[in-house]
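The structure appears below as structure tokens.
The values are calculated or read from the model by the stated rules, or taken from the named source; none is laboratory data. Every value quoted in this text rests on a predicted model; they were computed, and no experiment measured them. So basically every Cβ, Gly included, is an ideal-geometry build from the backbone, and we count neighbours across all protein chains shown.
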Amino acid sequence: MLKDITLGQYIPGNSVVHRLDPRTKILLMIAYIVAVFIVKRIEMFIPVILFTVLITVLAKVPANYMLKALKPMRLLLPLMFVMNLFLIKTGKTIVDWWIIHIYADGLTNAVFVVLRLATLVCGTSLLTLTTTPIALTDGLEKLLSPLKIIKFPAHELAMMMTVALRFIPTLIEEADKITKAQLARGADFESGNVFKRAKSMLPILIPLFVNSFRRADELAMAMESRCYHGGKGRTRMRVLKFHMGDLAAVIIFAAFIAAVALAQRFLPAVKLF
């Protein structure tokens with residue numbers, strides 16, 4: 001399951017989405033999250049899903065990466081579905097058999113929650129899949145730079161977040177290697193109760209933590225040897241500039257959010273169950 005996590009991974013490319021300014025992509029990701037959360041009806045997820053598919057196609061991101069983004073949620077999504085399905089007991093009765101009671105509101109809410117989580121995961125994954133860690137650092141720092149007036153450490157925070165994102169794929173790959181090595185030595189991670197399984201994870205977690213601290217120390221030494229001392233006086237090989245493509249993307253996103261909000265406000269609700 002660890003190798004299926006796409007957070008922090010970057011797919012090199014030259015698509016229209018890749019070429020957008022990182023500041024634009026960060027702001028549009030926030031706008032996308034807002035759009036997902038203003039949706040209050042199931043049928044309104046149809047345009048959101050279609051819009052997400054359109055962005056994925058424009059970004060030339062393979063479909064299997066979007067499916068991989070959902071794989072770590074394969075336990076959470078069914079759990080949320082079942083909890084909403086059986087805990088909400090309002091609306092028309094759909095199933096009434098023995099101890100199983102399913103109501104229309106419960107089924108509606110279960111589908112709604114799953115769709116919201118799935119679209120959030122897929123949509124936000126596109127940010128790291130189409131933006132390099134360096135570009136993310138520069139974009140975050142530029143967006144947070146006005147806060148430097150109040151002594152806010154914009155550069156340090158941006159660097160910290162980007163280093164964390166950059167090392168997620170590395171740690172996942174290392175955890176996968178350690179797991180395979182332990183399995184080759186006869187380790188069993190599947191049998192037993194919850195406590196036994198948790199204990200069996202120690203041979204993975206301990207070397208992973210040790211290697212993480214070693215990598216952090218090596219990174220600190222490498223940064224010091226290159227005379228890194230924060231963002232003060234630092235120059236950049238690539239200066240961020242807004243282009244017409246960024247303006248077009250902002251207009252399209254604004255129109256999309258406005259269309260979703262207006263459709264939800266004025267179009268009649270569709271009763272699915």
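Scanning the range 248-273 for residues that are outside any helix (DSSP H, G or I), over 17 Å from I49 (Cβ atoms) and either among the acidic types (D, E) or in contact with a helix residue (DSSP H, G or I) (Cβ under 7 Å, 6 or more places away or on another chain) (or both) yields a single hit, F273. Only residues that are among the hydroxyl-bearing types (S, T, Y) and within 17 Å of A220 (Cα to Cα) were counted across the range 141-192, and they come to 2.
Among the numbered conditions (1) without any contact (Cβ under 8 Å) to a residue 12 or more places away in the chain; (2) more than 22 Å from I251 (Cα to Cα), the only one that M66 does not meet is (1). Of the residues in the range 113-125, none is in contact with a Lys or Arg (Cβ under 8 Å, 6 or more places away or on another chain) and at pLDDT below 90. Among the candidates I150, I168, I172, the residue that is of a type in the set (A, V, I, L, M, F, W, C), over 24 Å from T132 (Cα atoms) and either out of contact with any Gly (no Cβ under 9 Å at 6 or more places or on another chain) or surrounded by 13 or more Cβ atoms within 10 Å (Cβ to Cβ) (or both) is uniquely I150.
One residue stands out in the range 95-128 among those that are crowded, with 20+ Cβ neighbours inside 10 Å and of a type in the set (G, A, S): the one that is farthest from R74 (Cα to Cα), namely G106.
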